[in-house]
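The values are calculated or read from the model by the stated rules, or taken from the named source; none is laboratory data. Not measured: the values here are computed from a predicted model. All Cβ positions, glycine included, derive from the backbone under ideal geometry; neighbour counts span all protein chains shown.
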Amino acid sequence: MLAQPTRLTAPVPAPRGFPLTATAGVYDDVHRGLITAHKEEQAFALTALLGDRLAAAVEELLAVRGARPDEQVLLVPVPSAARTVRERGFDSTGALARRAVRRLSATRPATTARVLAQHRGLADQSGLDAAQRAANLHGGLRLRRRIGDGLTEPDGAPVVVVDDLVTTGASLTEAVRCLDSGGYEVLGAATVSATVRRVSAY
């Protein structure tokens, strides 16, 4: 896992509006086991490992975007359903984002905030194909915090959407659409892993 290089990735086919996205590795058996254990089995010892890989993907995206080393960045996790978070007992993606911020903060200003939330009634994405995921997620996210209301820090910082995995790209695409509609400057997205047939080198 640690030997895998960061790279840009895109689903095939990519949803319309899919953001520039960097990933830290291929979703192979090792990645699958680690991500599942962290998310479903509350393997908190993996937060540092996976969060550091997420930070590496963010750094890749920022390098491609030409972001200045002193430019602050805001990591916005793709939200899970509130019910899912309650059942698991923690927000796994949020935990990875916080760890990534700690890693990034060694070289640049970085923070994270729960800017997005799911609308109620959104179906579980597992088991849905690409078209069903896109339809399910369209309009399925909302802003929790808006620019100018004093809740999001730092004001005006460019955003990177983060998640543990990209499969069809529907979640990242909807997250960016929602943030764009709220006036956020979105640089792109970063993930720990990407499904094997959808990873592309550049």
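Tell me the residue from VAL76, VAL12, VAL58 that is out of contact with any His (no Cβ under 9 Å at 6 or more places or on another chain), part of a helix (DSSP H, G or I) and not hydroxyl-bearing (Ser, Thr, Tyr), please. Explain how you work it out, then say what you get.
On the way: VAL76 fails: part of a helix (DSSP H, G or I); VAL12 fails: part of a helix (DSSP H, G or I).
So the residue among VAL76, VAL12, VAL58 that is out of contact with any His (no Cβ under 9 Å at 6 or more places or on another chain), part of a helix (DSSP H, G or I) and not hydroxyl-bearing (Ser, Thr, Tyr) is VAL58.
Within the stretch 62-78, the set of residues being over 18 Å from THR23 (Cβ atoms) and among the charged types (D, E, K, R) comprises ARG68, ASP70, GLU71. No other residue among ALA37, ALA48, ALA43 is farther than 19 Å from GLY188 by Cα, surrounded by 17 or more Cβ atoms within 10 Å (Cβ to Cβ), out of contact with any strand residue (DSSP E or B) (no Cβ under 7 Å at 6 or more places or on another chain) and not polar (S, T, N, Q) apart from ALA43.
Residues in the stretch 16-28 that are crowded, with 22+ Cβ neighbours inside 10 Å and in a loop (DSSP other than H, G, I, E, B): PRO19, ALA24, GLY25.
Considering each of LEU46, LEU62 in turn, give the residue that is out of contact with any helix residue (DSSP H, G or I) (no Cβ under 8 Å at 6 or more places or on another chain) and at pLDDT 95 or above. Please lay out each step first, then the result.
Details: LEU46 fails: out of contact with any helix residue (DSSP H, G or I) (no Cβ under 8 Å at 6 or more places or on another chain).
Of the residues listed, the single one that is out of contact with any helix residue (DSSP H, G or I) (no Cβ under 8 Å at 6 or more places or on another chain) and at pLDDT 95 or above is LEU62.
Of all residues in the stretch 168-182, those that are touching a residue at least 24 places away in the same chain (Cβ under 8 Å) have Cβ atoms under 9 Å from Cβ atoms of residues that are assigned to a helix (DSSP H, G or I) and buried (at least 24 other Cβ atoms within 10 Å of the Cβ), 6 or more apart or on another chain, in ALA170/LEU137; SER171/LEU137; THR173/LEU137; GLU174/LEU137; ALA175/LEU137.
Please work out if THR195 is of a type in the set (S, T, N, Q), at pLDDT below 95, out of contact with any Leu (no Cβ under 8 Å at 6 or more places or on another chain) and within 21 Å of THR23 (Cα to Cα). The answer is no for THR195. Checked against the criterion of being part of a loop (DSSP other than H, G, I, E, B), more than 12 Å from the chain's Cα centre (by Cα) and either closer than 21 Å to ALA24 by Cα or in contact (Cβ under 8 Å) with a residue 12 or more places away in the chain (or both), the candidates ASP52, ASP70 yield just one match: ASP70.
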